[in-house]
Amino acid sequence: MTRKTDAIYAAPLKEMIDFKFDERVVAVFPDMIQRSVPGYGLIISNIGILAAKYAQAGSHCYDLGCSLGAATLAMRQRITQPDCDIIAVDNSPAMIERGRELLARDTEPSVPVTMVCADLQEVAIENASVVVLNFTLQFVPPAQRLALIQRIYAGLRPGGILILSEKIAFSEPERQHFHVEVHHDFKRANGYSDLEISQKRSALENVMIPETLSCHQERLQAAGFSFSELWFQCFNFASLVAIK
Ligand SMILES: Nc1ncnc2c1ncn2[C@@H]1O[C@H](C[S@+](CC[C@H]([NH3+])C(=O)[O-])CC(=O)[O-])[C@@H](O)[C@H]1O
Ligand SMILES: O=C(O)C(=O)Cc1ccccc1
């Protein structure tokens, strides 16, 4: 399959509109996320590894903010426990429509998947062994984040896990500056121009709100998770696993 190149912010825009997961983004999303998030492919494949270890027989696995279902497909390929299913949720109709097409191409008999177009806040989380928030919490309004993590904790079985990947912020200006600069270098090395980088940054400003690693760790603890581990970090992109 040829991958469509992301050029959404390549030409100067007269007016900056907030970033939205619409048809235009969906059409280039695999290219956009791969060129923008350091370690994205590695994170996806290791979500499969973690799910294979922690999925429990007869439980649900959730992929919240699934986009095109990359984490879902990685989990689906690896989970071997009987009677599991995956519930993949996204509130972008364009993402779910394309995600369903990609899922239909994956014809190997394996774990059943349901792709749901809904706000993740409206989806019940129950009898869960694996919950994935792969770069999704950063788009949830900060005031709603604790309640969501508490609801995930309540829906997990003992021994179940939450995988939480996020772009992170740093409280010390010098450290924040370092990571932002190096991330921009990463994007430049992947073919984005300075204009694309700066226009996308403005479009994301009101929509994607990163927090510090300690903010995430403290929230996980406050929600009841007594164990969490940073298993991935590259520049200002990190992934935690928390075990109930
Ligand atoms: N309230 C919400 N309810 C449901 N979905 C939401 C909500 N808010 C945002 N989304 C969805 O969360 C996704 C975030 S992208 C996740 C990548 C994916 N996890 C991946 O592993 O490829 C991350 C990124 O692009 O940086 C988008 O598809 C939104 O529509
Ligand atoms: O592109 C960026 O600068 C990011 O921080 C990551 C990202 C990737 C895909 C959609 C939105 C944000």
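The values are calculated or read from the model by the stated rules, or taken from the named source; none is laboratory data. Just so it is clear, the model here is predicted, and its values are computed rather than measured. Methodologically, a virtual Cβ is constructed for each residue, glycine included, from the backbone with ideal geometry; neighbour enumeration extends over all protein chains shown. Calculation scope for accessible area: heavy atoms of the full protein, side chains included, ligands and nucleic acids excluded. Shrake-Rupley method; radii C 1.70, N 1.55, O 1.52, S 1.80 Å.
Structure notes:
- Per residue, the chain exposes an accessible area of 48 Å² to a 1.4 Å probe, with every protein chain left in place.
- Length-normalised contact order of the chain in % [C-alpha pairs under 8 Å, at least 6 apart]: 22 percent
- Charged neighbours of residue 21, selected by a Cβ distance under 12 Å, balance to -2 (K, R count +1; D, E count -1).
- Prolate/oblate/rounded label for region 1-123 (Cα gyration tensor, a/c 1.5): prolate
- In region 45-120, taking the dipole from charged Cβ atoms about the Cα centre, the farthest positive-side position among 91, 71, 113 is held by 71.
- Rg/Rg_ref, the chain, where Rg_ref = 2.2 N^0.38 Å and atoms are Cα: 0.99
- Largest GNM mean-square fluctuation among 39, 191, 69, using the chain with Cα springs under 10 Å: 191.
- Diffusion coefficient, µm² s⁻¹, Stokes-Einstein with Kirkwood Rh over alpha-carbon pairs of region 142-244 at 4 °C and 1.567 mPa s: 86 µm²/s
- Computed from backbone phi with θ = phi - 60° and the Karplus coefficients 6.51, -1.76 and 1.60, the 3J(HN,Hα) list for region 88-102 is 10, 10, 8, 9, 9, x, 5, 4, 5, 4, 5, x, 5, 5, 5 Hz; x is used for glycine and proline.
- Only Lys, Arg (+1) and Asp, Glu (-1) charged, at Cβ; the chain dipole about Cα centre in debye: 320 debye
- With Cα atoms, 0 to 90° folded angle of helix 23-36 axis to the chain main axis: 90 degrees
- Electrostatic dipole magnitude of region 86-178 [Cβ: Lys, Arg +1; Asp, Glu -1; Cα centre; debye, to 20]: 140 debye
- Net charge dipole, region 1-64: roughly 200 debye, given to the nearest 20, about the Cα centre with Cβ charges of +1 for Lys and Arg and -1 for Asp and Glu.
- Accessible area of the chain belonging to carbon and sulfur atoms, whole % at 1.4 Å probe: 53 percent
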